1. Under a crude label model (7 Å from the Cα following the beta-carbon direction), how far is residue 337 from residue 49 in nanometres?
2. Could you tell me the relative contact order of segment 62-343? Use alpha-carbon pairs under 8 Å, at least six residues apart, and round to a whole percent.
3. Using 7 Å Cα-to-Cβ label points, what is the residue 347/residue 33 separation (nm, one decimal)?
4. Mind listing the long-range amide H neighbours of residue 161? Cut-off is under 5 Å, sequence gap 5 or more, other chains count too, H placed in the peptide plane at 1.01 Å from N.
5. Placing +1 at every Lys and Arg Cβ and -1 at every Asp and Glu Cβ, with all other atoms neutral, what dipole size does segment 62-343 have around its Cα centre, in debye to the nearest 20?
6. Got a sec to turn the phi values of segment 302-308 into Karplus ³J(HN,Hα) couplings, 6.51 cos²θ - 1.76 cosθ + 1.60 with θ = phi - 60°, whole Hz, x for Gly and Pro?
7. Classify segment 206-297 from the C-alpha gyration tensor, please: rounded if a/c falls under 1.5, else prolate or oblate depending on whether a/b exceeds b/c.
8. Quickly work out the residue 205-to-residue 88 label distance, labels modelled 7 Å from Cα along the C-beta direction, and quote it in nm with one decimal.
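Derivation of every value follows stated rules applied to the coordinates shown; laboratory data play no part. Here the structure is a predicted model, which is why all the values come from computation and not from measurement. As a convention, Cβ positions derive from the backbone with ideal geometry for all residues, glycine included, and neighbour counts pool all protein chains shown.
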Amino acid sequence: MHPENHAPTDGGTAPAHTDPHVLLETLVTKGRRGESATREEALAVLALDDADTLDLVAAAGRVRRRWFGRRVKLNYLVNLKSGLCPEDCGYCSQRLGSKAEILKYTWLKPEEAARAAGAGVSGGAKRVCLVASGRGPTDRDIDRVSGTVEAIKEEHPEVEVCACLGLLSPGQAERLREAGADAYNHNLNTSEEMYGEICTTHGYEDRKETVGMARGAGLSACSGLIAGMGESDADLVDVALELRALDPDSVPVNFLIPFEGTPLAERWELTPLRALRILAMVRFVCPDAEVRLAGGREVHLRGLQPLALHVANSIFLGDYLTSEGQAGKADLEMIADAGFEVEGAGTETLPEHRTEPRTDLVTVRRRGAGTDVAPNA
């Protein structure tokens, strides 16, 4: 049984004259050129009626196929350290003061983490995400994680490794890169205006700075959002546009799982169709980025998960940090049944233009170059 969904909180004002057909054709044309939706267009997407959502998914699918074909990238999460976090992020079961009943443990040993990563790789995962609770890593923590990255790469040299350790200090991203890490995740989560309502122990600029440090070190940046925390349409659009400005390669879209024992425990405001509209809005704002269907998809999309594959080109396989996900076998069956294919280790994920050297990076990022799909895809 799922708790009753409540009506979403809409705050943005979409243009009243917008014709859905004209809007979607405009967004498809722009998205296939790699151009971002404007703020007004993104708000209009979120304001579409439920009856227009299937047309919206079809339109977003044309953009998705332009850059990523029918491939689905699988990601697997390994929780290196769980619970006892000093930060007060209201959505998190590991937060300061959380009464959520979760496992709490200190750092996994490198061989334990490598063994856990191997389970994901054997299930088809192309990327392993190493996550640790806390405000940010100490230099000793970076040593630990570097050892874990090296252990995973030794056993699975073809797998991508992404670290998610919180706020970085100068020089730490470079050390992770030297150890063999390919990417770094640090989500913005919501708009700058709303951020103070969900966290007071660090600020929005801290998060943006960490994403910049990762990119500057030559790591592929991964940064996304959480929907369903009481935000308005304007908040969702603002964070999507901020992400576009930061230009991460991967944009995870999470849907709030309201854990008991956290301040957002009673927030059940997303419907499956609303979740699809949010996902499509992110695709149109970040058309050529890897859009990842992340935490909460099973709870909020429910039977519409296969439709979301027409918008997102990446998903997490299995469980999340402190919550159970859909069984890996069911995910693989869902992907095949929907007419998609799992992206293999030898296949490049990103469009080729996103792998070109950038003048704002200290080193050239080792990011996969993808092949563009035929224009009529």
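1. Between residue 337 and residue 49, the simple spin-label model gives 3.0 nm.
2. Values: 570 pairs, mean separation 63.1, N = 282.
Contact order relative to length: 22 percent.
3. Result for the modelled spin labels: 2.9 nm.
4. When sequence neighbours closer than 5 places are left aside, the close amide H contacts are 128, 182, 183.
5. Values: 33 positive and 42 negative charges, 134 e Å.
Roughly 640 debye for segment 62-343.
6. For segment 302-308, the Karplus-derived couplings read 6, x, 9, 3, x, 5, 5 Hz, x marking Gly and Pro.
7. Values: a/c = 2.11, a/b = 1.53, b/c = 1.38.
It is prolate, given that a/c is not under 1.5 and a/b is the larger ratio.
8. 2.1
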